[in-house]
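Q: Would you mind keeping the following structure in view while I ask a few things?
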There are 2 protein chains.
Amino acid sequence: MALIVQKYGGTSVADLDRIRNVARRVVKTFEQGNQVVVILSAMAGVTDRLIEMANNMSKNPDRRELDVLLATGEQTTAALLAMWLKSQGHPSKSLLGFQAEVKTDCAYGNARIMDVGAGQIKKLLEDNNIVVVAGFQGCDADGNITTLGRGGSDTSAVAIAAALRADRCEIYTDVDGIYTADPNVCASARKLDRISCEEMLEMASLGAKVLHLRSVEFALKHHVPVWVRSSFNEEEGTMLVNGEHDMEREVVSSVTYNKNEARITLKKVPDQPGIAAKIFGPISDSGINVDMIIQNTRAGGQTDLTFTVPKTEYARALEIERKVAEQIGAEAVYGDENIAKVSVIGVGMKSHSGVAAKMFSTLAAENINIIMISTSEIRISCVVEQKQAELAVRALHTAFGLDKEK
Amino acid sequence: MALIVQKYGGTSVADLDRIRNVARRVVKTFEQGNQVVVILSAMAGVTDRLIEMANNMSKNPDRRELDVLLATGEQTTAALLAMWLKSQGHPSKSLLGFQAEVKTDCAYGNARIMDVGAGQIKKLLEDNNIVVVAGFQGCDADGNITTLGRGGSDTSAVAIAAALRADRCEIYTDVDGIYTADPNVCASARKLDRISCEEMLEMASLGAKVLHLRSVEFALKHHVPVWVRSSFNEEEGTMLVNGEHDMEREVVSSVTYNKNEARITLKKVPDQPGIAAKIFGPISDSGINVDMIIQNTRAGGQTDLTFTVPKTEYARALEIERKVAEQIGAEAVYGDENIAKVSVIGVGMKSHSGVAAKMFSTLAAENINIIMISTSEIRISCVVEQKQAELAVRALHTAFGLDKEK
């Protein structure tokens, strides 16, 4: 008998038929003699509709109340699933975030899980229940309802699996697992049987929507064995592994791209101490996340400074920087929304040199101009023209030997 | 400064515009220097849609899970109202049933409030908040979510008003107050300025949908001053008063009718001890509520027995009684869905005789046949043919001097 945590995402519970489909998977696992805890997202589209309703009530909805509103989405699916399980004769109970003792900080809309008191879940499991927990939600120390941010149900699942010391945490989604590249862009992409948590962290932070960033951090920290699988077929999916000892041997394990950023450049910025703070302070004060920053030194005590922000914040960031430029005496501010960030990721990079050089020469061979570059220990990212993103992904996928055998 | 509890029903919060309209009323009361606690129902129609969803998942949805599902309705409106108030610069916080410490028994779907720990509400009021509480819901001693049954938000409001020792509890609905009869049926019906809790109890138990039965019980027991008013105009509404000392002086204060019952008759039942238990036991075991029961003695050790059940349970009750009739040797079972119960209500009856006689003669003068009769200390009800219900109401309204002056 194993203790298995299964998380099903919004597309897996998008309507009542799909909830029944999920229920049948849950029952199958339960009838194989396992203890099962199910974590559910809201039905696909519901969270967006609730946000729309809130935006209709207020341009800037109160974050505490928005969380109270959003929490209804997962409450609905959890109740419906438990209801179906009961109607089929399987003992089951649903728990909301506060009932499952998912304790978070009080950062409404983007709360972090501080602790999961798994007492109630354990008690229900001992009574032979299938336990259904509303994902995405928790409560703070004062009993206020909080939500974990988009994709937060993944983190609910991994945190609950960690607290229960579950044998495995299965994340069910609408894709078969983690791929070497987006199969929609790169026909020769392969599904990975395994991926290291570190690589998954890089992928998640690059905007790959397969797993919530914090869920990977939790898996890494608490050594939770995580599987990413499809709820629509019986494929094995991809396993997240801690450490590199039994990783597949490619230096690069995946190629990703992200079209959700925009670039802003300040031209001829006076090269003085404290100037960066003047440029990025107002951006940070506005709650805009800056991703890449590049500074080129020019002759004559001046420098060009380029950075990227989420495309949704582009107009606001541009407006802020136009004021900043005036204050600090920069010559001009311009930007570009038509960019894409293409990255290669692999723990193998740690022990291999020449990856960057190979990336640059591959792009050059395709006549793709590199606009910005940033790197981590296991990742190299290049900003290119948006229209060349797909071509870049395919070229790099081939160059690093990731194409599936024909 | 007064402490005022305001409850708004489903039609008053049926859409976002109406929620804003409610919010403006709340703000007005608040800005007059009062402390305000708002209790909300779900948007009109939402609870029915959730029940439909549950029925799609299971023929007989698990009651615990159904409550988890239904509780989302009031959670939604509470969050939206608090959100709007905050966006307009008024400090406000929403509380769900468990956060407002509405403690109930564990009768899912029809839970009774055992206690309201008003600590959190008081604290928020002291911090100058407008407190918005999700009605209809509470939690049991084990922390499970419960709901109070249809119309239960009234009871939430009165119970919270009692716990807070509020100066008044205003129940906002889509009618101007309590009428001497349904104005849709009886054009000469008048709005009552006051009504006794006892009369209101009779009206609620007869199916008048203005107030939840238990809310009136609470008001009576805890001496909560309750006003029933419309949320769509500024009319004064109707005040519930405890005792009779300053009631209007009519013997009869209202005439009601109810078309939601059906009649079942067992003919020639052997007149033996224990026979009633054999007839009503199976009905009760099926969770069907019997309202009126009448037994006529016949010659020859046989009796005819007639009773009424909710129309929704008629088919099921008839089926049960056909089996019972066979077992006990009754001659026949037949029923009638085309009936209506017409009642006159008034605390004045306690000290006046002749009310029943006047009722019967009034109906006789209109050629209305009386099928069944039942009485309480302050009510007389007659079952008549359904098509004669409206005529009966109007005739009685006139006969008992309730018509408004022309």
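Q: Could you tell me whether A:Gly401 is under 23 Å from A:Ala189 (Cβ atoms), surrounded by fewer than 19 Cβ atoms within 10 Å (Cβ to Cβ) and at pLDDT 90 or above? Write out each step before concluding.
A: Values: under 23 Å from A:Ala189 (Cβ atoms): yes; surrounded by fewer than 19 Cβ atoms within 10 Å (Cβ to Cβ): yes; at pLDDT 90 or above: yes.
Against the criterion (under 23 Å from A:Ala189 (Cβ atoms), surrounded by fewer than 19 Cβ atoms within 10 Å (Cβ to Cβ) and at pLDDT 90 or above), A:Gly401 qualifies.
Q: Further question on the same structure: Just one of (1) under 30 Å from B:Val27 (Cβ atoms); (2) facing chain A (nearest Cβ under 9 Å); (3) of a type outside the set (Ser, Thr, Tyr) trips up B:Asn144, so point out which.
A: Failed condition: (1).
Q: Right, another one. Among the residues in segment B:75-86, are any over 28 Å from A:Asn60 (Cβ atoms) and aliphatic (A, V, I, L, M)?
A: Taking segment B:75-86 and keeping what is over 28 Å from A:Asn60 (Cβ atoms), we get none.
Taking every residue of segment B:75-86 in turn, none turns out to be over 28 Å from A:Asn60 (Cβ atoms) and aliphatic (A, V, I, L, M).
Q: Within segment A:211-235, which residues are charged (D, E, K, R) and touching a helix residue (DSSP H, G or I) at 6+ places or on another chain (Cβ under 9 Å)?
A: Within segment A:211-235, A:Arg214, A:Glu217, A:Lys221 meet the criteria.
Q: Pull up segment B:147-162, narrow it to residues that are farther than 12 Å from B:Ile39 by Cβ and not polar (S, T, N, Q), then point me to the one that is farthest from the other protein chains (Cβ to nearest Cβ).
A: Just the residues of segment B:147-162 that are farther than 12 Å from B:Ile39 by Cβ, to begin with: B:147, B:149-151, B:162.
Narrowing the set further to residues that are not polar (S, T, N, Q) leaves B:149-151, B:162.
Values: B:Gly149: 18, B:Arg150: 18, B:Gly151: 21, B:Ala162: 23 Å.
This residue is B:Ala162.
Q: Quick check on B:Val38: is it crowded, with 24+ Cβ neighbours inside 10 Å, in contact with a Leu (Cβ under 7 Å, 6 or more places away or on another chain) and among the β-branched types (Val, Ile, Thr)? Break it down stepwise before answering.
A: On the way: crowded, with 24+ Cβ neighbours inside 10 Å: yes; in contact with a Leu (Cβ under 7 Å, 6 or more places away or on another chain): yes; among the β-branched types (Val, Ile, Thr): yes.
Here the answer is yes, as B:Val38 does meet what is asked.
Q: Next up: Out of segment B:230-260, which residues are assigned to a strand (DSSP E or B) and either modelled with pLDDT under 90 or surrounded by fewer than 22 Cβ atoms within 10 Å (Cβ to Cβ) (or both)?
A: Initially, segment B:230-260 is screened for residues assigned to a strand (DSSP E or B), giving B:230, B:238-241, B:254-258.
Listed by number, the residues that qualify are B:Ser230, B:Met239, B:Val241, B:Asn258.
Q: Quick one: A:Thr11 ticks every box in (1) crowded, with 24+ Cβ neighbours inside 10 Å; (2) in contact (Cβ under 8 Å) with a residue 60 or more places away in the chain bar one, so which box is it?
A: Of the numbered conditions (1) crowded, with 24+ Cβ neighbours inside 10 Å; (2) in contact (Cβ under 8 Å) with a residue 60 or more places away in the chain, the odd one out for A:Thr11 is (1).
Q: Tell me which strands (runs of 3 or more DSSP E) are completely within segment B:298-355 and hold 1 or more residues being at pLDDT below 90 and under 27 Å from B:Ser376 (Cα atoms), or say none if there are none.
A: On the way: elements: B:302-310, B:332-336, B:339-345.
Where strands (runs of 3 or more DSSP E) fall fully within segment B:298-355 and carry at least 1 residues being at pLDDT below 90 and under 27 Å from B:Ser376 (Cα atoms), they are B:302-310.
Q: To continue, here is another question. Would you check which residues across segment B:189-228 are assigned to a loop (DSSP other than H, G, I, E, B) and under 20 Å from B:His397 (Cα atoms) and list them? Write out each step before concluding.
A: At the first step, the residues of segment B:189-228 found to be assigned to a loop (DSSP other than H, G, I, E, B) are B:189-190, B:192-193, B:206-212, B:223-225.
Within segment B:189-228, B:Ala189, B:Arg190, B:Leu192, B:Asp193, B:Leu206, B:Gly207, B:Ala208, B:Lys209, B:Val210 meet the criteria.
Conditions (1) in contact (Cβ under 8 Å) with a residue 24 or more places away in the chain; (2) within 21 Å of A:Leu96 (Cβ to Cβ); (3) crowded, with 22+ Cβ neighbours inside 10 Å, marked per residue:
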position	(1), (2), (3)
B:Met57	no, yes, yes
B:Asp62	no, yes, yes
B:Glu65	no, yes, yes
B:Ala71	yes, yes, yes
B:Trp84	yes, no, yes
B:Glu101	no, yes, no
B:Asp105	yes, yes, no
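Q: Given the conditions (1) part of a helix (DSSP H, G or I); (2) without any contact (Cβ under 8 Å) to a residue 24 or more places away in the chain, report the number of the one that A:Thr375 does not fulfil.
A: For A:Thr375, the exception is condition (1).
Q: Okay, moving on. So which of A:Ile371, A:Ile339, A:Ile378, A:Ile320 ends up being hydrophobic (A, V, I, L, M, F, W, C) and in contact with a Gly (Cβ under 7 Å, 6 or more places away or on another chain)? Steps first, answer last, please.
A: Numbers: A:Ile371 fails: in contact with a Gly (Cβ under 7 Å, 6 or more places away or on another chain); A:Ile339 fails: in contact with a Gly (Cβ under 7 Å, 6 or more places away or on another chain); A:Ile320 fails: in contact with a Gly (Cβ under 7 Å, 6 or more places away or on another chain).
Testing whether each residue is hydrophobic (A, V, I, L, M, F, W, C) and in contact with a Gly (Cβ under 7 Å, 6 or more places away or on another chain) leaves just A:Ile378.
The values are calculated or read from the model by the stated rules, or taken from the named source; none is laboratory data. Remember, predicted model here, so these are calculated numbers, not experimental data. As a convention, Cβ positions derive from the backbone with ideal geometry for all residues, glycine included, and neighbour counts pool all protein chains shown.
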